[in-house]
Amino acid sequence: MTLMSPSHDGLVSRALAAFEATPAALQGLTREFTDQMSRGLAGRGGSLKMLRTFTRQPTGRESGRVVVVDWGGTKGRAAVVALSGEGPAPVLNEDVFTFTDAQKRGTAAAVFDVVAAAIGRVVDAHPPADYPLGFVYSFPARLEAIDRAIALALTKGWTVVDLEGHDVAALLSAALRRRGLARVTVAAVANDTVATLLLQTYQARGVDPEARPADVGLILGTGTNQAPDLGPAGIHNLESGNFDGVAAIETRYDAALDRELTDPRPGAQRLEKMASGRYLGELLRRALVDIAADGRAFGGLAGSAFDTPFAVDSEQLSRIAADHTPGLDGVDAVLRELRATSEREERGAVRDLSDAIVRRAARLVGAALLGTLRFIDPALAEGRTIAVDGSLWGGYPGFESLVRETFVELVGREAAERIEIAFVKDSTGTGAAVIAAAASERSQACSSG
């Protein structure tokens, strides 16, 4: 393979420049994000859903054993979590359940029987007791109450015949009764982003009952979403990955990716397609294939996995970023996994492009978070806490620093330093337990009152 020619190096430079998000463009995104929050909350449309979650901030004193179920694909997880009201909450035991292709095309009853069986296995490991249950349902749904969620059209290749339009909490409750688990009560249908928000508050108040609640929950992994506490308006699920105010920042690679995908459909999840782990490796693949098309370098990509959409993932981008060897041996190892060969100069270009794509993602995430914080506190005058979970945030070297740099650039160092970021690892299950325990306590208090 030949080394990169000056003209080919120019193609790399143009690709790098395309992924540069300017401060002016990011400021525009922040303003549009805040505006769309206002419009969505007022019922005037926009790409931010502003969905009610029917949850409240925990006191930090919620306690007891809670069952959690996390399901939104071929695999799911049931667990028993022990809340003590004193901070961290251990998972006592868990069970992973899976579905066959036939079950993914079958009936809702059969699907929920699989879930109930897993719940039975984790509960049977403990003495008989009443258990509230937090259900993280990661398919589209319309939440109508803390314990009522109407299933919308399924995604991810699922075609269960009689699920859409039905309450998933009621379907799970019926399966629990068929299993003889009447002492397990579905107390809450939870969202993973809300779970992150509330778990951070729970842990902080477990240490200091007077601690301020977290202001925003953020998930940044395969996908991305925000859930802020809007004070009197309550906690809302923004479905922020669907934000569409990204035109000033998108590249032709982003436009082509959006146009060619059918799930999510073109025009949907525009921010997510530019900023989350599911898509960053694909953007790198597309940029490299495009640069290699003139035939003067990157010839080692021909016949490799780079010919296959989504062959490159964000975990590989994390490994590329972590490589500081003189010969970029780690980059070479990633390329060889993908059946591609390279020269040192080409590996440098791969690393530079990967860094640029992820840096832009961090800047987009930072600008969107500022849009939410400015909705809550237009002057950013008070201290604010963002609770974060997700594999991209936690796994990519220096990602948080890139977001913090964006805060400083867009609002100045003084305001940026008032924003605290708390990484709440593996928050979904425990956060759902907090949501369920708080909902159960409120229900019992209402019944006794």
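The values are calculated or read from the model by the stated rules, or taken from the named source; none is laboratory data. Quantities reported herein were computed from a predicted structural model and do not represent experimental measurements. We place every Cβ from the backbone using ideal geometry, glycine too, and count neighbours over all the protein chains shown. With ligands, DNA and RNA removed, areas are computed over all heavy atoms of the protein, side chains included. Shrake-Rupley method; radii C 1.70, N 1.55, O 1.52, S 1.80 Å.
Of all residues in segment 73-97, those satisfying the criterion of being under 21 Å from the mean Cα position of the chain (by Cα) and over 15 Å from GLY134 (Cα atoms) are GLY73, THR74, LYS75, VAL96. Looking at segment 55-165, the strands (runs of 3 or more DSSP E) lying wholly inside it that each contain 1 or more residues that are touching a residue at least 60 places away in the same chain (Cβ under 8 Å) and either in contact with a helix residue (DSSP H, G or I) (Cβ under 9 Å, 6 or more places away or on another chain) or open to solvent by less than 70 Å² (accessible area, probe 1.4 Å) (or both) sit at 64-71, 75-83, 91-98, 131-137, 141-145.
For segment 347-364, give me the residue count where each residue is of a type in the set (Val, Ile, Thr) and open to solvent by 10 Å² or more (accessible area, probe 1.4 Å).
Step one: list which residues in segment 347-364 are of a type in the set (Val, Ile, Thr), which gives 350, 357-358.
This time we only want the ones that are open to solvent by 10 Å² or more (accessible area, probe 1.4 Å), so: none.
So the answer is 0.
Screening GLY231, GLY241, GLY245 for residues that are free of Cβ contacts under 8 Å to residues at least 40 places away in the same chain and open to solvent by less than 50 Å² (accessible area, probe 1.4 Å) leaves exactly one candidate, GLY241. For segment 314-325, state whether one or more residues are open to solvent by 30 Å² or more (accessible area, probe 1.4 Å), over 30 Å from ARG39 (Cα atoms) and part of a helix (DSSP H, G or I). Yes.
Among residues of segment 6-25 that are within 17 Å of ARG359 (Cβ to Cβ) and modelled with pLDDT under 95, none has a Cβ under 9 angstrom from a residue that is open to solvent by 60 Å² or more (accessible area, probe 1.4 Å) and basic (Lys, Arg) at a sequence gap of 6+ or on a separate chain.
Does segment 43-53 hold any residues that are under 18 Å from VAL194 (Cβ atoms) and either free of Cβ contacts under 8 Å to residues at least 24 places away in the same chain or crowded, with 19+ Cβ neighbours inside 10 Å (or both), and which are they? Result: LEU48, MET50, THR53.
One line per residue, one yes/no per condition, for (1) out of contact with any helix residue (DSSP H, G or I) (no Cβ under 9 Å at 6 or more places or on another chain); (2) in contact (Cβ under 8 Å) with a residue 60 or more places away in the chain; (3) closer than 22 Å to PHE19 by Cα:
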{"site": "GLU282", "(1), (2), (3)": "no, no, yes"}
{"site": "ALA297", "(1), (2), (3)": "no, yes, yes"}
{"site": "GLY300", "(1), (2), (3)": "no, yes, no"}
{"site": "GLY303", "(1), (2), (3)": "yes, no, no"}
{"site": "PHE310", "(1), (2), (3)": "no, no, yes"}
{"site": "GLN316", "(1), (2), (3)": "no, no, yes"}
{"site": "ALA321", "(1), (2), (3)": "no, yes, yes"}
{"site": "PRO326", "(1), (2), (3)": "no, no, no"}
{"site": "GLU345", "(1), (2), (3)": "no, yes, yes"}
